[in-house]
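In what follows, a single structure is set out as structure tokens and then discussed.
Any read-out appearing in this document is the output of simple, stated calculations on the displayed coordinates, not a laboratory observation. Because the structure is predicted, anything quoted here is derived from the model rather than measured. As a convention, Cβ positions derive from the backbone with ideal geometry for all residues, glycine included, and neighbour counts pool all protein chains shown.
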Amino acid sequence: MLASLRSVFSLILSTLLMMIGFGLASYVLPVRSVVEGWSTLIISLIATGYTLGFTLSCIVTPKFVARVGHVRVFAALITLLSIAILMCGLVVDWRAWIFFRAISGFAISGSYLVIESWLNERVTNENRGMLFSVYLITTMVGTIGGQYLVPLGDPTNSSLFILCGVLFSLALLPTALSSSAMPAPPAQANFDVPGLFRRSPVAVVGAFLAGAMAGAWLNLGGVFTQKIGLSTAEGATLLAALLTGSAISQIPIGRASDRMDRRIVMVACGIVGVASCLAMVAFVDASPMALYVIAAFVGSVLFPIYALNVAHANDLARPNEYVEVSSGMMITYGIGTISGPLMVGPVMDRFGPPALFVVLALYFALYAAYATLRIARRSQKDGLVAKTDFQANTMPTPGMEAVNAMNQAIRPAGLVEDDTAPARSS
């Protein structure tokens, strides 16, 4: 195990540094936006620029990697990350920030893909679960650690923006200097979202809603903490509590979905989401500790539901279709992340910061209701005998989608009884 960890140490270190910078940027930017007096609608437009760039990179980055290789693309993307955050500190204008954030979204998305596809080349079936668990823990620890750097500086000047640029630049060094063999280019896949919807409507609708909720929270959560009067340290703790809840719930949700109809678990997650979001609205004026606990319950279902949808979609696919299915899910999720801030921002402007959780509760209710409808419309699939493995994912990324698809494609033969059986709609 130690030998396996040594072989990917540089990748893990690059990931840690990049995610510290990401965590810092994802909190300091909303804080600075509030300080500048920008409306929640304007902040939502800035967030939409980020999600547009993020989604576009899912399609474009693999083409660049195929042409010039992982290391060169990663170096270019990290450079773009540093430039974008430094320009945000230099040009404090919301119109410019939309463009800068689009560059950031494009770069961070592509960086995920490069790191994760490279990591996938270094693992085996025996150590895959352990190494990717280390990777996921690293992303969470880095993000939380970056958020706690905010109180160390002053968001009203450029110091924290410069620190972000330094962290992103440092993230390039371990991978650029690594002696590990270059990974093969990631697999190319067609995007057939309509076909995916015909096969598994609940997975596609669920991925869209999961993206909308994640996009709204990741881009407006910091605004929520500022506008309800939390200090930067308290706000960072609330964001950390939500991520911690997400990490803790991965295994129980995954095991439950592996043992029963995954749509029943979707309904349960939706109910938990509705209850916890409404609790946040009801106790928004409570002590910070109470908010931390409620946020952990929100996080316990906010991010894991996407992995649940991916697992369900893969259950209904043949082995040679996993890459295409995962690619379609990735694009659907990306479109959802674009819509989330645009939908929630104007509502927060009109009704106040607690409206964020009112809208999230509505999304969770739609998620549970649609899964219930599909259960009533069609019984649990019986065309494919074995389920695919649930792949935990604390914060969905495009690179992990490619990794999950490749993992499924190389699983041992015999798990699917009839490869030629038509996939069932569910």
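Here are some notes:
- With Cα atoms as the point set, segment 230-270 shows a radius of gyration and Dmax of 14.3, 43 Å.
- Distance (nanometres) between label positions extended 7 Å along Cα→Cβ at Leu41 and Phe9: 5.4 nm
- Mean-position separation - Cα centroids, segment 32-65 and segment 241-281, in angstrom: 27 Å
- Karplus (6.51, -1.76, 1.60) ³J(HN,Hα), θ = phi - 60°, over segment 42-57, in Hz, Gly and Pro reported as x: 5, 4, 5, 5, 4, 5, 5, x, 4, 5, 5, x, 4, 5, 4, 5
- On the principal axes of its alpha-carbon atoms, segment 214-369 has extents of 51, 29, 28 Å, going from largest to smallest.
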